[in-house]
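The values are calculated or read from the model by the stated rules, or taken from the named source; none is laboratory data. Note that this is a predicted model, so its numbers are computed, not measured. Neighbour counts are summed over all protein chains in view; Cβ atoms, including those assigned to glycine, are modelled from backbone coordinates with ideal geometry. Just the protein is used for accessible areas: all its heavy atoms, side chains included, with ligands, DNA and RNA removed. Shrake-Rupley method; radii C 1.70, N 1.55, O 1.52, S 1.80 Å.
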Amino acid sequence: MKITILLCTTMVALLLGACQSQKNKEIADNEAKLIWQDEFDGNGMPDTTKWSYDVGGHGWGNQELQYYTKANPKNARIENGILIIEAHKDSMENNPYTSAKLISKGKGDFTYGRIEVRAKLPKGRGTWPAIWMLSSKDPLQWPDDGEIDIMEHVGHNQGFIHGTVHTKAYYHSIGTQRGDTLQVPDCSEKFHIYSIDWTPEKIDWFVDGEKYFTFPNEHKTEKEWPFNKPFYLILNIAVGGNWGGLKGVDETIWPQRMEVDWVRVYANDKQVK
């Protein structure tokens, strides 16, 4: 009996040791694969070595109502380790709202990888926050060069998270858009992790690790799959527009903010930076 107990104890110890060793290896592997990040530590303005701004108020192709400002702490700032992008009801250059649109172009451009963003979203009719990517190609030709929407949310459809791609063959204007939605009822009350896993074969969409959409590479032409070249990250809140303002804009809810805890990009075995 004592020998049996001793053998069982030894086996359990070996199994626990193996599990811990595997866990440590996985942690080490994940840490090794982290190739770009912003933890938004401290207070102040966004890191200019990682982010620039799109600026202007020309509707952005969607009849949006906001003017995107540059380096204005009212619209984009870091508070207590959280990036805040905030839309206000105040006019600028004939636009009734101001907001911010941060881009990593030229400072964080990636081909393939796992992109994760932990964020809490604004709420109310007329809000249209997005975490997305565009081709780093210059000049950009849309939708030919592609768009990856990691997360979109429109206030008139509260709690539904949208993941979408746009290409020359697949986009909304011709009724062929590819995407799906996941219901996240507390997306404006709690932080969630919005992510994609992008490889040469497909792009998978996740919320808190739950996969809800896959866009496969059909191996036809770039009209279907332009996702074989560098893309950059975009964080913004739009106001109104063709989709965000589909049911009007509630003028009593402003300001509204998107809070971003961190952005992390991990390499996969096909990563090209």
Test for Gly159: is it open to solvent by less than 60 Å² (accessible area, probe 1.4 Å) and on the phi > 0 side of the Ramachandran plot:
yes
State yes or no: is Trp243 surrounded by 17 or more Cβ atoms within 10 Å (Cβ to Cβ), over 16 Å from Asn268 (Cβ atoms), under 19 Å from the mean Cα position of the chain (by Cα) and touching a residue at least 24 places away in the same chain (Cβ under 8 Å)?
yes
Odd one out for Ser135 among (1) out of contact with any Pro (no Cβ under 8 Å at 6 or more places or on another chain); (2) open to solvent by less than 50 Å² (accessible area, probe 1.4 Å); (3) small (Gly, Ala, Ser):
(1)
Looking only at residues in segment 204-218 that are within 17 Å of Ala169 (Cβ to Cβ) and not in a strand (DSSP E or B), which one is least open to solvent (accessible area, probe 1.4 Å)?
Asn217
Is segment 195-202 home to any residue that is in a loop (DSSP other than H, G, I, E, B), over 26 Å from Asn62 (Cα atoms), open to solvent by 30 Å² or more (accessible area, probe 1.4 Å) and acidic (Asp, Glu)?
yes
Within segment 219-235, restricting attention to residues that are open to solvent by less than 10 Å² (accessible area, probe 1.4 Å) and in a strand (DSSP E or B), which residue is farthest from Val55 (Cα to Cα)?
Phe231
For residues in segment 143-165 being among the polar types (S, T, N, Q) and outside any loop (DSSP other than H, G, I, E, B), which is nearest to Leu121 (Cα to Cα)?
Asn157
Within segment 96-111, residues surrounded by 23 or more Cβ atoms within 10 Å (Cβ to Cβ) and assigned to a loop (DSSP other than H, G, I, E, B) come out as Ala100, Gly108
Counted residues in segment 24-73 being surrounded by fewer than 16 Cβ atoms within 10 Å (Cβ to Cβ), at pLDDT 95 or above, of a type in the set (A, V, I, L, M, F, W, C) and not in a loop (DSSP other than H, G, I, E, B) come to 2
Kindly evaluate Lys168 against the criterion of being in contact with an Asp or Glu (Cβ under 6 Å, 6 or more places away or on another chain) and part of a loop (DSSP other than H, G, I, E, B).
yes
Can you tell me which condition Ser136 does not meet? The list is (1) within 29 Å of Glu39 (Cβ to Cβ); (2) in contact with a helix residue (DSSP H, G or I) (Cβ under 6 Å, 6 or more places away or on another chain), and all the others hold.
(2)
Show the residue pairs that are 6+ apart or on different chains and have beta-carbon atoms under 7 Å apart, the first residue being within segment 97-116 and touching a residue at least 24 places away in the same chain (Cβ under 8 Å), the second being of a type in the set (A, V, I, L, M, F, W, C) and in a loop (DSSP other than H, G, I, E, B).
Tyr97/Leu65; Leu102/Trp51; Ile103/Trp51; Ser104/Trp51; Lys107/Trp51; Gly113/Ala267
